[in-house]
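Read through the structure below, which is laid out as structure tokens, and then see the notes.
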Amino acid sequence: MRRSTGFFLGLILLAAAGIRAEYTFFSPSGSFAVEVSLENSSLLRLPIYRNAITSLEVSGDYALGGTSAAPGLSPFLFAVSLSRRRLELAVDLAQIIPEQRAVISGFGRGPGGVLYAGTMSDSPGGSGHLIQVRIKEPSLVVLDLGVPVDKEGVFAVASDPGRRAIYGISHPSGKFFAHDLASRTTRVFVETVPSRQTLGFLHGYAVKPEDYLSRRLILDGKGRVFGSLPVSRLFRFDPGNQKVEILPDQIPEVWGRRPLGRVDSWARSADGSLYGGNAGDGQLFRLDPDKAKVENLGKPVMMPRIKGLAFGGDGKLYGVGGASPGYAHLFSFDPKGGGFSDLGNPRFTMVAPGIEQGISWRGFRIGTVAASEDGRFIVLGEEEALSQLMVFPVHP
Amino acid sequence: MRCNIYQSLLLAVLIFTCLGAQPAGITEKNLRFVDYPGFPEAHSTWGSIGYSSVHNKVFIGVTNHSDRVGLFEYDIISEKMRLCGFIPELAHLRDYQWQGKVHSQIVEGPGGAMHFATDGGESREEYLMEHPHGYSGGFFLKWDPATGILSNLGIGMQYESIKDLAVDRTSGRIYAVSYPQAHFLAYDTDKNQLRDLGRMGSDHVPRVMFSDWWGNIYYVDWRQRLIKYEPSAGQLLFAKESLPAFPGTPGEYIVTGVTAYAVDQPGGIIFLVTYGAKMLAFHPSREGFGNVEDLGGIFDGSSEPAWKYYCPNLALGANGKLYYFLGGHGMYAGQGENIVLMEFDTRNRQKRIALTFPLSVISEVTGSDVKDGNGNLYFAGRRSDPKAEQRGESGSSRPFLIIFNPGRSLQ
């Protein structure tokens, strides 16, 4: 509902006229927003321009986040208790690894609640690191696992707890790497690196590596790794034979906009299918990991991007479509034939010291989506100058 | 422009006021209403009013609250109101760059140029976005009263309205807030450099920015804490504490922040009204934050909670007293649905109802700190009018200019 200089007249008029408002926000019972960022506060909060939640995962009761910062500033790792609905732990990455600006890779899971991520340097040509993040109450422990690809950032990661391996995409070249945690060695593969001809093609569209590299990686049930490479292609890495295979099926495209095609997000369903979001045009697609077949499931909203996907305990896939300069629509997709539901802008209540009465928080720029391990909660991370966490329950 | 209809309406006010046993001192003769010629479908005005000290004129943005926005100029010397033109034609906007209204203040910049910004105005702005029927975004505009040229300074953010702006009168830099995402924008007009300093609000956009006499710009965050942009440092500062609020003020009132202000530069004070119905005296300092003094509520009533009075306007009279029209948007003081003109003596914090108006005379008033050198205060007024076209939730109304001088008759 559109509101002008004071929105209550509208509410009153609508109520009086018995008219239902044209728009309702997604505000399910049990949803809440957690104030993660607030400048100049005595509360534990992340400061301005250092808190865009670009990596997000849930481990036990904690939503763990990795942030991105503005140039010259360092990012944070943080943990929000979902049961206590508050930010409880935060670590300035500069205390562990200096001169890093962002954790944009997403998280990979390790054994015992351990998470892995990668960092991006604050300066061009600087090296990103692999990090291990773990809650060891009352602390958030962040360990530096070293540089996987010299003078390159870590753009995306996934991990295989069984093989004790972290996989990643380096930035800006787009190399695929496999890091063995036991031997602390990294093997680098160049099959995912765009050719000189491809780079020339992409140059014509004025897109940068952060626009065309695979934003996320995922493993299937057999430990194979899937991601994208320019132009609008998918690859599969088999750790058994250590081969990178470029798949014949491509990311669904809108004609003429292939340069924008890449994987924005992934989620694995209970039946083993991989669901991907195309950054370029915002199509949801399903990939059969064995047959390497891609099925275009369509677009949840008109806008591009699907920056996050996660399965809820109800079997539905939840995601966010649309992004800046527009704003996100939360959507669900029912793999059993229910199709898409556009849930619109989420608006949840935020309660914190000083705002005990609660304020409504509306999510515009949502960059990350994660599900709790039991599927009871979907967690949304904002990418703002002052970013907050939004949580809603899923009822199986 | 004096209008017979307004003479009749003011007579109604006189009768209404007498029936209400108002205090003596200020009468309907202290007021004059002026309508907007050449725009029969005019529906409303918002915060869209400002005064040029260089040209001694008042400017008002008037809208049909759909797709037509007129810029009006009131010449204080000749007492003439004239239509400068309609924004799309003046600014050379294309059809797909339609605008719904001017919501921002009209603020004087260097040389007397008047700066303002545009707003989509209706739901199609907020939800259609990238659709062909969607909203391209609000523009920064500059009206030169000397030449009659409206300069288009470009869009603030794609798909976003601009709710309010402030101008550094020395540098000409423009500061603005977007809708619905509440981004704080800083625009260096010399370098054509627009900085998006990020989102500052929750689900509702505080409507008012203001500046101090050093060129610092102020806004509020979702906790109703003052945000200050210091041009010398080129960055935002956040106050540690929230602005005062009544106990029990709901969150949706807190997040809306400041609704009006009036500047008392000799006294070193900027008076603020909050959506939670507080009157505050802010004592700014060149660097950092100054003190905020709680002057109490904007109205002392018994029928409503102290925070539930609505006031999107404020001006400081030459007599040192604050004046504001209370009511609108479903929240009213006194008995029934009336708009009351309040007088607030800042020295002893005494306030009183000066006049009372039925909604058919005044239904809502906007405008902050608009006054001339003769002690005249200017407000953008609306009155309920069933003959006017209904415009969604904004109802049926007609806009007009209110001139008020607490020290002398304007009749």
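The values are calculated or read from the model by the stated rules, or taken from the named source; none is laboratory data. None of these values were measured; they are calculated from a predicted model. Cβ: placed from backbone, ideal geometry, glycine included. Neighbour counts: every protein chain shown.
Details
- Of the numbered criteria (1) out of contact with any strand residue (DSSP E or B) (no Cβ under 7 Å at 6 or more places or on another chain); (2) in contact (Cβ under 8 Å) with a residue 60 or more places away in the chain, the one A:G126 fails is (2).
- Selection of region B:151-174 for residues being surrounded by 24 or more Cβ atoms within 10 Å (Cβ to Cβ) and not small (G, A, S) yields B:Y159, B:E160, B:I162, B:K163, B:D164, B:L165, B:V167, B:I174.
- Residue match in region A:73-88 (condition: farther than 20 Å from B:G198 by Cβ, more than 13 Å from every other protein chain (Cβ to nearest Cβ), assigned to a strand (DSSP E or B) and of a type in the set (S, T, N, Q)): yes
- Flag for B:I149 being hydrophobic (A, V, I, L, M, F, W, C), farther than 22 Å from B:T63 by Cα, out of contact with any Lys or Arg (no Cβ under 6 Å at 6 or more places or on another chain) and away from every other protein chain (no Cβ under 14 Å): no
- Taking region B:192-274 as the region of interest, the strands (runs of 3 or more DSSP E) fully inside it that hold 1 or more residues being of a type in the set (D, E) and surrounded by fewer than 19 Cβ atoms within 10 Å (Cβ to Cβ) are B:193-199, B:225-230, B:235-242, B:258-264.
- Strands (runs of 3 or more DSSP E) contained entirely in region A:340-395, each with at least 1 residues that are facing chain B (nearest Cβ under 10 Å): A:347-352, A:355-362, A:377-382
- Residues within region A:278-322 that are under 17 Å from the mean Cα position of the chain (by Cα), over 23 Å from A:E373 (Cα atoms) and of a type in the set (K, R), tallied: 1
- Residues of region B:140-178 that are over 14 Å from B:L194 (Cα atoms) and in a loop (DSSP other than H, G, I, E, B): B:P145, B:A146, B:T147, B:G148, B:Y159, B:E160, B:D168, B:R169, B:T170, B:S171.
- The set of residues in region B:70-117 that are under 23 Å from B:F210 (Cβ atoms), among the β-branched types (V, I, T), more than 14 Å from every other protein chain (Cβ to nearest Cβ) and free of Cβ contacts under 8 Å to residues at least 60 places away in the same chain contains only B:I106.
- Residue that is nearest to B:H43 (Cα to Cα), among those in region B:90-113 that are touching a Leu at 6+ places or on another chain (Cβ under 9 Å) and surrounded by 21 or more Cβ atoms within 10 Å (Cβ to Cβ): B:V102
- Yes/no for A:S105 being part of a loop (DSSP other than H, G, I, E, B), in contact with a helix residue (DSSP H, G or I) (Cβ under 7 Å, 6 or more places away or on another chain) and either over 16 Å from A:S214 (Cβ atoms) or in contact (Cβ under 8 Å) with a residue 40 or more places away in the chain (or both): no
- Given (1) modelled with pLDDT under 95; (2) crowded, with 18+ Cβ neighbours inside 10 Å, number of the condition A:E382 does not satisfy: (1)
- Those residues of region A:37-57 which are within 18 Å of the chain's Cα centre (by Cα) and more than 13 Å from chain B (Cβ to nearest Cβ), in sequence order: A:I53, A:T54, A:S55, A:L56, A:E57
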